[in-house]
Amino acid sequence: MNAIILSAILGVVLMFTGIFTTNKSTIRAVAVGGMLLLLLANIAELRGMQFFDINTRGMLVFSKLGLLFNSIAFGATLLYFLLSARDVLEVGENGADYFALIFFILCGVSIVSSFNSLLLLFLGIEIISIPLYILTGSDKRNLKSNEASLKYFLMGAFSTGIMLMGIVLMYGARATFSIDPTLQIANAGRDVWYTSGLMLLFISMAFKVSAAPFHFWTPDVYDGAPTVFTSFMATIVKAAVFIAFVRLFEFSYSNSGYDWRLIVSVVIAATLLIGNITAIFQQSVKRMLAYSSIAQAGFMLFALFSYNALSKEGIILYSLGYSLATIGVFAVLIKMKDYTFEGFNGLARTQPVLAATTTIFLLSLAGIPMTIGFFAKYFMLASAVKTGTYLWLVILAIICAAISVYYYFRVIQAMYFKEGAGETVAISSVFRWLLILVAGLIILFGIFPNMILNYLYF
Amino acid sequence: MPINLYIFLALALFSIGVIGVLTRRNAIIIFMCIELMLNAVNLLLVAFSKMHLADSMAAGAAPTLTNGIDAQLFVFFIMVVAAAEVTVGLAIIVMMYRNIHSVDVNFLNRLKN
């Protein structure tokens with residue numbers, strides 16, 4: 001509850017900051033300070049300290065998983081602010097408003113990580129989506145940004161319509177919006193509504209997390225949006241929708257009486273194959289990262305497939321590892337003058353720190369041991385093996401992870417083994433130290449993943 | 001009236017909306033079709049609300065019972081969120097119109113190249 005209320009207040013504070021001052025460093029300081037406050041308030045709640053005592057009548061349930069995820073999302077956003085706040089302010093004239101919108105998105109993130117009623121799920125997803133439409137189109141003179149924003153808006157509103165139809169059919173079958181099975185009134189004659197509602201909900205959530213075959217909007221939107229906001233969209237927002245997805249289907253699966261693993265496994269296989277194979281053929285690193293985010297979504301979907309203790313730990317590690325590494329890669333990408341693979345040629349010579357840290361981020365995305373990306377993938381696959389069914393899916397995932405090494409290593413190869421200027425914009429030494437910090441965190445959690453996972457239980 | 005008729009009506013409206021979104025090329029009309037989908041949902045919510053109320057009455061509950069009222073509340077939430085979405089959506093469409101003097105979504109295919 002701390003996070004929901006505080007993030008909404010901070011959003012309003014940032015909007016007023018924009019009225020009173022146009023000084024960029026003041027706005028940045030307020031945003032970073034607010035983010036730090038939000039993170040601390042959420043950690044306080046994780047340790048059992050509630051600032052507000054509000055009876056939500058069972059609509060919100062604050063579980064360890066949700067609160068821990070909130071902390072990860074806020075921590076990642078803090079790093080994102082520290083690394084890229086200058087670039088956020090470069091996008092347009094209304095710098096403070098962009099930060100305000102990001103705080104509103106975080107309010108939605110903390111709602112979807114703790115919802116217990118389909119009404120709150122709908123509101124949370126919309127609170128996340130509507131500011132994102134604006135952020136995507138924030139570069140108003142740029143046609144690509146316009147197109148991305150319109151496409152994202154139409155697709156997002158369409159999938160919201162499908163989601164609502166799913167929710168109402170489930171309500172018709174069970175007489176309540178709660179996802180808690182003990183509150184639902186089963187009625188055998190209406191089970192067909194429940195199943196079709198669940199299916200529609202699955203489709204709309206697959207739209208939001210860009211799982212195949214509903215992924216087609218992702219590359220265009222991620223490519224067209226201003227790069228700083230792509231970074232935010234592809235990491236924190238995506239992980240948050242995954243947490244909502246996992247919460248939503250935790251009870252509904254066993255409830256429906258169908259073999260959902262079959263559908264989920266087909267979606268996972270399609271997502272992994274399409275994401276990885278298409279990523280190989282990209283010429284722009286930004287577009288390659290968009291496809292790689294589809295491929296990574298395929299791994300995160302394993303949490304929906306297996307539903308056991310390992311998959312819960314896996315989704316936490318995955319959201320942490322994926323967010324840190326992707327934020328890092330994008331922070332470097334923003335500084336590049338040329339977004340194609342050739343633009344990275346010879347970066348190791350001109351900017352050795354950038355090249356070394358980018359290598360660590362890419363290794364983590366590919367899932368090489370010693371980085372957190374390895375344990376994230378390991379937990380996901382181990383959870384699937386533990387279910388004892390669909391072993392072919394695990395084998396396919398491992399093959400796809402091997403394919404992904406190809407396109408991640410293309411960047412590393414360009415940086416270290418090709419001749420080129422590797423042109424970047426001016427880089428401050430603080431930025432370099434922050435990149436080293438992020439890379440250090442990736443290796444630290446890659447060796448000791450229990451440092452995070454312990455919080456799930458204690 | 002049996003609930004099935006309401007479901008058929010709502011699903012018909014919803015399908016018209018979906019087909020409109022998939023086939024039309026004008027951003028404003030696509031937008032109208034999305035609104036049609038949302039309003040089909042509103043209609044079905046109200047119908048289900050009445051259905052659950054009638055169910056609990058038939059089960060012998062007190063006449064002041066508020067079963068099914070949550071669906072009617074949900075309708076208001078959908079209306080508010082739809083209004084928020086309209087504000088942002090129309091702003092995006094206007095922004096696009098200013099730049100290219102057209103609201104045709106075929107324009108979007110240029111991004112792929």
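Some notes on this structure:
- Label-to-label distance, nm, for residues given as A:Ser63 and B:Ser15 (7 Å Cα→Cβ offset): 3.7
- When GluC sites (Glu not before Pro) are flagged only if DSSP places them in a loop and at most 16 other Cβ atoms lie within 10 Å, the longest unflagged stretch of chain A comes out as A:94-418.
- At an R0 of 41 angstrom, the distance between the Cβ atoms of B:Ser102 and A:Ser196 translates into a FRET efficiency of 0.60.
- Dipole magnitude (debye, nearest 20) for segment A:1-103, charges at Cβ of Lys, Arg, Asp, Glu: 240
- For the protein assembly as shown, the Cα gyration tensor yields ellipsoid semi-axes of 38, 27, 24 Å (square root of five times each eigenvalue, largest first, whole Å).
- Separation between Cα centres of segment B:25-78 and segment A:46-103, rounded to whole Å: 32
- When the pairs A:Lys312/A:Lys386; A:Lys208/A:Lys377; A:Lys208/A:Lys238; A:Lys151/A:Lys238 are compared against a 19 Å limit on Cα-Cα distance, A:Lys208/A:Lys377 fall above it.
- When the helices of the protein assembly as shown are scored as -39500 (n - 2.57) per DSSP H run of n ≥ 4 and the total is divided over every residue, the value at 222 nm lands at -26000 deg cm²/dmol.
- The alpha-carbon of A:Lys286 sits under 19 angstrom from the alpha-carbons of these aspartates and glutamates, leaving out residues fewer than 8 places away in its chain: A:Asp87, A:Glu90, A:Asp139, A:Glu147, A:Asp220, A:Asp223, A:Asp338, A:Glu342, A:Glu423.
- Peptide A:171-178, shielding by other chains (average Cβ, 10 Å cutoff): 5
- Loop-located trypsin sites (Lys or Arg not before Pro) in segment A:33-114 whose Cβ has at most 11 other Cβ within 10 Å (DSSP): A:Arg47, A:Arg57
- Shielding of peptide B:79-88 by partners, expressed as the average count of other chain Cβ atoms within 10 Å per residue Cβ, is 4.
- Taking a sphere under 12 Å around the Cβ of A:Tyr318 and counting the other residues whose Cβ falls inside, with K and R at +1 and D and E at -1, yields a net charge of +2.
- Radius 9 Å from Cβ of A:Gly95, net charge of other residues (Lys, Arg +1; Asp, Glu -1): -1
- By other beta-carbon atoms within 10 Å, ranking A:Lys286, A:Lys337 with the fewest at the front produces A:Lys337, A:Lys286.
- A:Lys418, A:Lys208 arranged by Cβ crowding within 10 Å, fewest neighbours leading: A:Lys418, A:Lys208
- As a proxy for reagent exposure, ranking B:Phe14, A:Phe417 by other Cβ atoms within 10 Å from fewest up yields A:Phe417, B:Phe14.
- Projecting the Cα positions of A:Gln283, A:Phe153, B:Val21 onto the charge dipole of the protein assembly as shown (unit charges on Cβ atoms of Lys, Arg, Asp and Glu, taken about the Cα centre) puts A:Gln283 furthest along the positive direction.
- By the Stokes-Einstein formula, at 1.306 mPa s and 10 °C, segment A:259-458 with its Kirkwood radius over alpha-carbon pairs has D equal to 92 µm²/s.
- Peptide B:94-100, shielding by other chains (average Cβ, 10 Å cutoff): 4
- Based on alpha-carbon atoms, the Kirkwood radius and the radius of gyration of chain B give Rg/Rh equal to 1.16.
- Other residues whose C-beta falls under 15 angstrom from the C-beta of A:Tyr407 contribute a net charge of +2, scoring Lys and Arg +1 and Asp and Glu -1.
- Charged side chains reduced to their Cβ positions (Lys and Arg at +1, Asp and Glu at -1) give segment A:259-458 a dipole of some 80 debye around its Cα centre.
Bear in mind that the values in this text are calculations on the coordinates, not laboratory data. Please read these numbers as outputs of a predicted model, since none were measured by experiment. We place every Cβ from the backbone using ideal geometry, glycine too, and count neighbours over all the protein chains shown.
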